[in-house]
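What follows is a single structure, written as structure tokens, with notes after it.
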Amino acid sequence: MNKNIAVIEGDGIGVEIIAEAVKVLKKIAQKFGHSFNLIPVEMGGCAIDKYGVALPDFSLDACKAADAVLLGAVGGPKWDDPTARVRPEQGLLGLRAGLGCFANIRPAKVYAPLAAASPLKDSIIGKGFDIVVVRELTGGIYFGESGREGDSAFDTERYSVPEVERIAHAAFKIARGRKKVLHSVDKANVLESSRLWRETVARVAKAYPDVSVINILVDNAAMQLVRNPAQFDVMLTSNIFGDILSDEASQITGSIGMLASASTGEGTRGLYEPIHGSAPDIAGKNIANPIATILSVAMMLDISFGLKAEAQAIDNAVDSVLSDNYRTADIATDGCTVLGTIQMGDLITERI
Ligand code: IPM
Ligand code: MG
């Protein structure tokens with residue numbers, strides 16, 4: 001198979017974790033006889049420094065022309081001034097919207113060897129959990145009308161029926177391939193946009209009679225996630241609710257450095273990135289955990305390219321390294337062997 005992959009290192013640890021993910025990609029190409037053409041693309045703070053904008057047109061064009069986009073992380077204290085006109089996050093939002101990646105898939109599961117790192121009590125984490133948050137990514141309050149008027153400011157949450165329908169279909173399809181239970185998260189007791197969301201999800205549900213739908217208010221969902229995460233399988237959310245709940249879901253796994261994500265649209269092209277940020281405080285020290293980015297590569301191979309065996313080979317290599325008690329510093333537990341970013345990337349690559 002021949003594929004073009006746009007690769008965005010971004011800022012902070014982005015450079016280091018992408019280097020390890022690229023190693024893994026090259027190993028997969030060699031072992032399974034594929035050819036991946038990697039196209040470096042500039043985005044984020046580094047692009048602001050060079051071009052004055054976070055996502056130059058030529059960077060977006062390069063991503064649009066590719067079969068998939070692999071992204072490290074963007075942002076850092078240097079570009080953090082909230083009053084600044086240009087910010088690295090604009091690059092990320094521009095890329096998601098520009099690629100039409102409306103469906104953000106964020107799996108949050110407990111890796112048994114890492115369960116001890118979860119902040120949840122043993123009695124809760126002991127049951128394990130395996131959740132997929134399906135977050136609407138190109139609408140809602142992130143992209144609604146916003147502004148300032150005199151001494152007030154506003155941001156608008158707006159959803160259309162087609163926007164809710166397409167993300168609902170994406171979530172139902174995922175639920176169908178799993179436990180066939182879908183929690184649709186909203187705030188329908190207060191927000192009109194949530195009432196439209198709930199009505200629309202109920203209509204879409206008719207096409208998936210094998211999937212049961214449970215409507216849950218977002219505040220309750222946040223509480224239930226720490227009380228009994230095992231009750232959830234697929235969670236369908238708006239953009240802002242998914243932003244918040246996916247951080248919560250990732251943290252309770254105990255290993256935010258492990259969690260990958262995929263963002264897809266109508267076609268097969270997708271954007272793949274770890275869910276963590278650019279961690280400027282640990283950048284350049286060879287201590288960042290490259291596993292989330294490596295697992296994002298696995299999601300790319302599976303979802304955009306349909307290469308199931310290749311994706312499985314990466315997942316297995318990661319599982320095997322963890323079972324043998326190798327860890328990066330962020331997920332270190334008693335008696336483990338702590339590896340640097342490069343050494344972890346090498347070991348996973350070797351085991352593929
Ligand atoms: C995420 C991040 C982004 C978001 C930021 C960096 C714009 O928090 O991917 O969850 O809010 O979507
Ligand atoms: Mg977030």
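The values are calculated or read from the model by the stated rules, or taken from the named source; none is laboratory data. Note that the coordinates shown come from a computational prediction; the quantities given were computed from them, not determined experimentally. Backbone-built Cβ (ideal geometry, glycine too); neighbour counts: all protein chains shown. Keep in mind that these areas ignore ligands, DNA and RNA; they rest on the heavy atoms of the full protein, side chains included. Shrake-Rupley method; radii C 1.70, N 1.55, O 1.52, S 1.80 Å.
Things worth noting here:
- All aspartates and glutamates inside 20 Å of LYS285 as judged from Cα atoms, apart from same-chain residues fewer than 8 positions distant: GLU9, ASP11, GLU16, GLU20, ASP330, ASP346
- By definition, a body whose alpha carbon gyration tensor gives a ≥ b ≥ c is rounded when a/c is under 1.5, and the chain falls into this rounded group.
- Whole-angstrom gap from the stretch 105-140 to the stretch 176-227, using each part's C-alpha centre: 18 Å
- Hits among lysines - C-alpha to C-alpha of LYS3 under 30 Å, sequence gap 8 or more where chains match: LYS23, LYS26, LYS27, LYS31, LYS50, LYS64, LYS109, LYS173, LYS308
- DSSP beta bridge pairing in the chain, given as percent antiparallel to the nearest 5: 40 percent
- Each peptide in 72-81, 195-204 was scored by the mean count of other Cβ atoms within 10 Å over its residues; highest first, the order is 72-81, 195-204.
- Model label sites at ASN189 and VAL226, defined 7 Å from Cα along the beta-carbon direction, differ in position by 1.9 nm.
- Extension gain for VAL161 to GLN312 (0.36 nm times residue separation, less C-alpha to C-alpha distance): 50.7 nm.
- Take each peptide in 335-345, 131-141, 148-158, 89-99, count the other Cβ atoms within 10 Å of every residue, and average; sorted highest first, the result is 131-141, 89-99, 335-345, 148-158.
- Mean separation of Cα contacts under 8 Å, 6 or more apart, over the residue count of the stretch 229-297: relative contact order %: 31 percent
- Averaged per residue, the stretch 119-253 has 48 square angstrom of accessible surface, using a 1.4 angstrom probe with ligands and nucleic acids left out.
- Kirkwood-based Rg to Rh ratio, the stretch 119-253, C-alpha trace: 1.01
- Within the accessible area of the chain (1.4 Å probe), percent carbon and sulfur: 52 percent
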